[in-house]
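Visitor: Before anything else, here's the structure in question.
The values are calculated or read from the model by the stated rules, or taken from the named source; none is laboratory data. Note that this is a predicted model, so its numbers are computed, not measured. Note: ideal-geometry Cβ built from the backbone for every residue, glycine included; neighbour counts use all protein chains shown.
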Amino acid sequence: MAGRRKGRDAVSRRKRAEKAVDHLATLIDGSNPSNQTLGDSAARDILRTTKRHGVSAPAELRSKICRTCQQILVPGRNARVRIESRVRITTCLDCDRVIRTRLTVEDE
């Protein structure tokens, strides 16, 4: 009997985690660039929530967060972005982590 309840709780816990990640993502997207601490705390909470509950963050958000120093990557402020042979190379200037993302050409 306890197994059924545990399964229901796991599903609701996962849904709550997805809602929390979506809410934190809106904080990052709508955050004021001058308020870096709000964005950094939201990034840290997103990484913590996704790791603990097995929920993945949206792909466009994953490239905006440094997983080493857990900060938002803002080009020109704490990140350097280079494009080289269809690969976007983002370097965190705080911890020197390099994130490579393959760029695809979308057919229109």
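Visitor: Name the pairs whose Cβ atoms lie under 7 Å apart, with the first residue in the stretch 81-96 and free of Cβ contacts under 8 Å to residues at least 60 places away in the same chain and under 12 Å from ILE65 (Cα atoms), the second assigned to a strand (DSSP E or B) and among the hydroxyl-bearing types (Ser, Thr, Tyr), and 6 or more positions between them or separate chains?
Guide: Going by the 7 Å Cβ cut-off, there are no qualifying pairs.
Visitor: When the residues of the stretch 14-54 are filtered to those that are touching a helix residue (DSSP H, G or I) at 6+ places or on another chain (Cβ under 9 Å) and assigned to a loop (DSSP other than H, G, I, E, B), which remaining residue is farthest from ILE72 (Cα to Cα)?
Guide: Filtering first and then ranking leaves GLY54.
Visitor: Turning to a different aspect of this structure: I'm checking my understanding of the structure. Among residues of the stretch 55-90 that are part of a strand (DSSP E or B) and crowded, with 18+ Cβ neighbours inside 10 Å, which one is nearest to the chain's Cα centre (by Cα)?
Guide: For the stretch 55-90, the residue satisfying everything is ILE65.
Visitor: Quick check on VAL55: is it among the β-branched types (Val, Ile, Thr) and in contact with a Lys or Arg (Cβ under 7 Å, 6 or more places away or on another chain)?
Guide: Yes, satisfied.
Visitor: Now for a different question. In this structure, does ILE89 turn out to be closer than 22 Å to THR104 by Cα, modelled with pLDDT of 95 or more and not charged (D, E, K, R)?
Guide: Yes; evaluated as a whole, the condition is true for this residue.
Visitor: Run down ARG62, ARG80 and say which single residue is out of contact with any helix residue (DSSP H, G or I) (no Cβ under 8 Å at 6 or more places or on another chain), among the charged types (D, E, K, R) and modelled with pLDDT of 95 or more.
Guide: Going through ARG62, ARG80 in turn, just one is out of contact with any helix residue (DSSP H, G or I) (no Cβ under 8 Å at 6 or more places or on another chain), among the charged types (D, E, K, R) and modelled with pLDDT of 95 or more: ARG80.
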